[in-house]
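See structure below.
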Amino acid sequence: MTIFAWDDSIALNIPRIDEQHRELIGWINALHDAVRKDEGALVTGDVLSKLISYVFMHFTEEERLMLSCSFPGFTAHRQEHDYYVKRLKNIQDRFQEGEEISGETLEFMSDWIVCHIRGTDQVYGRFILAGSGGTGA
């Protein structure tokens with residue numbers, strides 16, 4: 001069962017970023033499945049670790065892209081990324097201390113990333129596409 005399915009309406013039309021967004025949503029769905037199916041701390045912890053690693057890689061890629069195009073909203077966008085990573089690491093710390101991942105926590109993870117993609121990611125996406133002649137390169 002997926003908590004959120006990719007929808008082309010949230011695409012930035014920057015192929016490598018859209019693919020990473022799909023993958024990121026896939027990791028959130030995998031974590032949701034691991035929790036829902038009660039797959040145990042080892043499996044759930046592994047999926048959570050992989051999700052956090054993927055988020056970090058993706059945010060680093062986005063930030064490099066924004067810097068390379070001199071995106072004026074970079075600082076605020078990076079602060080959003082830092083907030084989400086901090087929250088994810090807090091969730092991981094609590095999980096490692098024995099706290100279960102709640103449905104509310106999973107909803108936050110999904111809602112935040114979808115709102116981020118629909119909001120501030122769209123802003124930088126339009127900026128980059130305008131500067132690249134619409135190719136996303």
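Derivation of every value follows stated rules applied to the coordinates shown; laboratory data play no part. Keep in mind that what you see is a predicted model, and the values were worked out from it rather than measured. Note that each Cβ is placed from the backbone with ideal geometry, even for glycine, and that neighbours are counted across all protein chains shown.
Structural remarks
- Where trypsin sites (Lys or Arg not before Pro) fall in DSSP loop in the range 28-114, at most 11 other Cβ within 10 Å: 37
- Computed extension gain for residue 11 through residue 68, at 0.36 nm per residue and net of the alpha carbon distance, reaches 18.5 nm.
- Computed about its Cα centre, the charge dipole of the chain is approximately 440 debye, with only Lys, Arg, Asp and Glu carrying charge at their Cβ.
- Distance between the pseudo-spin-label points of residue 37 and residue 49 (7 Å out from Cα toward the beta carbon): 1.9 nm.
- Pairs of Cα atoms nearer than 8 Å and 6+ residues apart set the relative contact order; for the chain it is 34 percent.
- Long hydrophobic helices in the chain: the complete DSSP H runs spanning 20 Å or more by Cα along their own axis with mean Kyte-Doolittle hydropathy of at least 0.5 are 41-68.
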